[in-house]
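Each remark here refers to the structure printed beneath this line.
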Amino acid sequence: MTRLEGKTALVTGSGTGIGRAVAERFAREGARVIIADRDAAAASETADAIGPSARAAVMDISDEASVEAAFGLLGAEGWAPDVVVANAGVQLFGQDAAAADLDLDVWKRTIDINLTGTFLTVKHAVRSMLVSGGGSIILTGSPTGINGEGRDFTAYSASKAGIHGLGRTVAAAYADRGIRVNTVVPAYTETSLVTTITSDPEARAAIIGRIPMGRAGAPGDVEGIMVFLASDDAAFATGALFAVDGGMTI
């Protein structure tokens, strides 16, 4: 398991959930891994659990100064990433709603973290990779940004649709500079982000009922496609959406 030998990967939101699973798998595949999270304790705990091939970096993706400072420090210390996974995000259960019922503040908070935060991560990843000679950027999308699955989650769904468009646009802009940008689209995946659903049997059953494979996703389901896109095996893949959703978007 050395598909990422010699690479340095930064994963945002990797103190927990999908991000942590991906960071742990990257390390097992031979990469040095940067655990980037706004929660310093969670980042440090994950880095310590992985071992000497990992380091923690405190990064608030909604704050450009924080993102820029983190990339600058990593570059200065020899940890400029070849791979960046823009995974961090929020879903404000109990606050996000259908459009007519959605508070502007909830809309702004969701967009600031999910879409603007992803943009800022991508912006500074591109700047770093233009210096180092290229790399792979992987975004985390959602079926809600494709087919209306999230009709009661207007802000979240719109933010993910924006991420899908952002990935394609940046891919087109920098393909000739050796920078690849792809988006992974997981289905409903059971992590700490969705405890509101996992604790409600009816809500959970309703979502799983829309997944043809008949089960919820797990963080481990996303690892393999992330490894592929981070690796040189995906050298000709850019600007694409890769669904890992048990068939949810079909």
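Coordinate-derived values only; no laboratory data. Values in this document were obtained by computation on a predicted structure and should not be read as measured data. For neighbour counting, all protein chains shown are included, and Cβ atoms are generated from backbone atoms with ideal geometry for every residue, glycine included.
Numbers for the structure displayed
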item	result
Ellipsoid equivalent to region 6-114 - semi-axes via the Cα gyration tensor, in Å	29, 15, 11
Rounded tilt (10° steps) of 17-28 against the dominant C-alpha axis of the chain	30
Gain on full stretching of the segment that runs from residue 123 to residue 105 - 0.36 nm per residue minus C-alpha separation	4.0 nm
Cα-based reach from residue 7 at 12 Å (exclusive), listing aspartates and glutamates while leaving out same-chain residues under 8 positions away	29, 82, 232
Exposure proxy order (Cβ contacts within 10 Å, fewest to most) of 124, 164	164, 124
At R0 = 35 Å, FRET efficiency that the Cβ-Cβ distance of residue 228 and residue 200 yields, to 0.05	0.55
Between 0 and 90°, nearest 10: helix 154-174 axis offset from the chain longest Cα axis	30
Cα long-axis angle, helix 40-50 against the chain (0 to 90 degrees, to the nearest 10)	70
Kirkwood estimate for the chain, i.e. one over the average of 1/r between Cα atoms, Å	18.0
Ranked list, fewest to most other Cβ atoms within 10 Å of each Cβ, for 93, 242, 236, 71	236, 93, 242, 71
Cα-based reach from residue 108 at 17 Å (exclusive), listing lysines while leaving out same-chain residues under 8 positions away	160
Label-point separation in nm, residue 68 to residue 5, each point 7 Å along Cα→Cβ	3.9
Full-extension gain in nm, residue 95 to residue 76, via 0.36 nm per residue minus C-alpha separation	2.8 nm
Region 60-189 - Debye-derived log10 I(q)/I(0), Cα point model, q = 0.18 Å⁻¹	-0.93
Kirkwood Rh and Cα Rg combined as Rg over Rh, evaluated for region 117-250	1.01
